[in-house]
Amino acid sequence: MKATEKIAQIMTDNLIKLNVNDSLSKAESLFKKNKIRHIPVVDKGRIIGMLSYTDLMRISFADATDDEGQEVETTVYDMFTLEQVMTKNVEVITEHTTIKEAAEIFAKKEFHALPVIKYDKIIGIVTTTDIIKYLLQQY
């Protein structure tokens with residue numbers, strides 16, 4: 001393990017993104033279809049927020065069931081916009097940030113994903129899971 005290894009080595013660059021005008025239903029579908037927990041929200045390629053599956057579940061009853069185990073339909077997503085639910089003022093890193101620096105950010109903060117930018121455009125995302133997998137490979 002080298003202290004100077006860059007985040008670009010472990011980040012996900014095949015991004016799934018949401019446009020700020022996308023619906024929360026679309027977000028839920030992307031989370032479930034791709035088995036992911038964080039989606040960057042962009043406007044013209046620039047990161048403006050981050051939506052986590054936890055953020056979505058805080059406002060959702062979509063996975064609730066009634067007494068007989070039948071799914072209950074709800075329109076709760078129609079009550080909010082993506083911009084209202086997403087985290088704004090997202091901390092970002094660059095492709096030149098070291099893996100160690102990213103791990104230090106995760107250790108100090110209460111979030112689990114960091115968008116990676118280059119010239120103000122999002123080019124990737126790194127999560128705490130990516131860091132853990134990298135550390136496990138070192139053993």
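The values are calculated or read from the model by the stated rules, or taken from the named source; none is laboratory data. A quick note: this is a predicted structure, and the numbers were derived from the prediction, not measured. No Cβ is skipped: glycine too gets one built from the backbone with ideal geometry, and neighbour counts run over all protein chains shown.
Consider segment 1-20. How many of its residues are surrounded by fewer than 11 Cβ atoms within 10 Å (Cβ to Cβ) and not β-branched (Val, Ile, Thr)?
Here the count works out to 4.
If you go through segment 81-107, how many residues are assigned to a helix (DSSP H, G or I) and within 20 Å of Glu5 (Cβ to Cβ)?
Here the count works out to 9.
Would you call Ile117 of a type in the set (A, V, I, L, M, F, W, C) and out of contact with any Pro (no Cβ under 7 Å at 6 or more places or on another chain)?
Against the criterion (of a type in the set (A, V, I, L, M, F, W, C) and out of contact with any Pro (no Cβ under 7 Å at 6 or more places or on another chain)), Ile117 qualifies.
What number goes with the only condition from (1) β-branched (Val, Ile, Thr); (2) modelled with pLDDT under 95; (3) over 17 Å from the mean Cα position of the chain (by Cα) that Thr97 does not pass?
(2)
State all residues of segment 17-48 that are on the phi > 0 side of the Ramachandran plot and not charged (D, E, K, R); if no residue qualifies, say none.
Gly45
Just wondering, is there one or more residues in segment 35-51 that are touching a helix residue (DSSP H, G or I) at 6+ places or on another chain (Cβ under 6 Å), part of a helix (DSSP H, G or I) and at pLDDT 85 or above?
Looking through segment 35-51, none of the residues is touching a helix residue (DSSP H, G or I) at 6+ places or on another chain (Cβ under 6 Å), part of a helix (DSSP H, G or I) and at pLDDT 85 or above.
Pull out all pairs, ordered by first then second residue, where Cβ-Cβ is under 6 Å, the residues are six or more apart or on different chains, the first lies in segment 64-88 and is within 17 Å of Asp22 (Cβ to Cβ) and of a type in the set (D, E, K, R), and the second is assigned to a loop (DSSP other than H, G, I, E, B) and modelled with pLDDT of 85 or more.
Qualifying pairs under 6 Å: Glu83/Val20.
Just give me the residues in segment 1-26 being closer than 24 Å to Phe106 by Cα and either of a type in the set (Val, Ile, Thr) or not in a loop (DSSP other than H, G, I, E, B) (or both), in sequence order.
Scanning segment 1-26 gives Thr4, Lys6, Ile7, Ala8, Gln9, Ile10, Thr12, Ile16, Leu18.
Anything in segment 82-136 that is aromatic (Phe, Trp, Tyr), within 24 Å of Arg58 (Cβ to Cβ) and loosely packed, with under 14 Cβ neighbours inside 10 Å? List them, or say none.
Hits for segment 82-136: nothing passes.
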